[in-house]
Amino acid sequence: MSDDNNSHIPKLILAGVIGVLAGSWWKSAKIAESKKSRAERDDPDFVNEVCSKTNELLNELEILDEMENEDDFRDVLAEYLTKYTDFEIEVTPDTLLGQPDILIGGVLALEVKYNPKKSEMDRCIGQCAGYSREWATWIILYDTPPSRINYISEVLVDKGLDNIPIISF
């Protein structure tokens, strides 16, 4: 075998590696795109604006009073968001996909849970799976132990819903 034939082997290996990497990137991009909500596909700039502002506000939120239940926490959160954003804030809107606790700008659904039991955590995951088809979706937890937060996070990952963030207070 001549040296000329052997000089093509590194080039073939490199081409194969590039092909595998390109294929892997393409598949990852398709998976990421398939996880986007309709709102994220239709108007990504507006969704990014709403999510960015909401994230900023949630990071600044200080809860001074103890909440007694989920509805109290949801209402305080909705009032706070209404006060500090220009986005429309809907509390438990009746939609074809159910009733997210808070819908911001028609593109970001917040599902609020107050120290949920296992059945409530499982229901939350199901609700968020449905909401995430239409809107960017976040889970907001209040007074929830780390073990329950970890459970929800692990189930989201197992179900391919790792694009749904969990925010805990």
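Are there any pairs with C-beta distances below 8 angstrom linking a residue in the range 78-92 that is over 12 Å from V107 (Cβ atoms) to a residue that is among the aromatic types (F, W, Y), with the two at least 6 apart or on different chains, and if so which?
From the range 78-92, the pairs are L81/F87.
Please determine, by comparing only the residues of the range 102-140 that are among the acidic types (D, E) and open to solvent by 10 Å² or more (accessible area, probe 1.4 Å), which one is nearest to V155 (Cα to Cα).
D122
Looking at (1) surrounded by fewer than 21 Cβ atoms within 10 Å (Cβ to Cβ); (2) farther than 22 Å from V47 by Cβ, which is the one condition that is false for I152?
Just one mismatch for I152, condition (1).
Enumerate the pairs (first residue in the range 142-165 and under 14 Å from K113 (Cβ atoms); second residue anywhere and open to solvent by less than 30 Å² (accessible area, probe 1.4 Å) and in a loop (DSSP other than H, G, I, E, B)) with beta-carbon separation below 7 Å, excluding pairs fewer than 6 apart on the same chain, so at least 6 apart or on different chains.
Close Cβ pairs (under 7 Å, with a partner that is open to solvent by less than 30 Å² (accessible area, probe 1.4 Å) and in a loop (DSSP other than H, G, I, E, B)) amount to Y142/M67; T144/P116; R148/P116; L156/I164.
In the range 88-103, which residues are among the hydrophobic types (A, V, I, L, M, F, W, C), under 17 Å from the mean Cα position of the chain (by Cα) and under 18 Å from E70 (Cα atoms)?
I102, L103, listed by residue number.
Does at least one position in the range 59-67 carry a residue that is surrounded by fewer than 14 Cβ atoms within 10 Å (Cβ to Cβ), at pLDDT 95 or above, outside any helix (DSSP H, G or I) and not aliphatic (A, V, I, L, M)?
no
Among the numbered conditions (1) farther than 17 Å from P165 by Cβ; (2) at pLDDT below 95; (3) among the charged types (D, E, K, R), tell me where D75 comes up short.
(2)
Output the residues belonging to the range 114-140 that are in contact with an Asp or Glu (Cβ under 6 Å, 6 or more places away or on another chain) and under 17 Å from N69 (Cα atoms).
Result: Y114, N115, C124, I139.
Across the range 119-169, which residue is nearest to the chain's Cα centre (by Cα) among those that are of a type in the set (S, T, N, Q), over 21 Å from L96 (Cβ atoms) and in a helix (DSSP H, G or I)?
The residue in question is S153.
Is it the case that S52 is among the small types (G, A, S), surrounded by 10 or more Cβ atoms within 10 Å (Cβ to Cβ), at pLDDT below 85 and in a helix (DSSP H, G or I)?
No; evaluated as a whole, the condition is false for this residue.
The values are calculated or read from the model by the stated rules, or taken from the named source; none is laboratory data. Fair warning: this is a prediction, and the values are worked out from it, not measured in the lab. Every residue, glycine as well, gets a Cβ built from its backbone with ideal geometry; the counts of neighbours run over all protein chains shown. Calculation scope for accessible area: heavy atoms of the full protein, side chains included, ligands and nucleic acids excluded. Shrake-Rupley method; radii C 1.70, N 1.55, O 1.52, S 1.80 Å.
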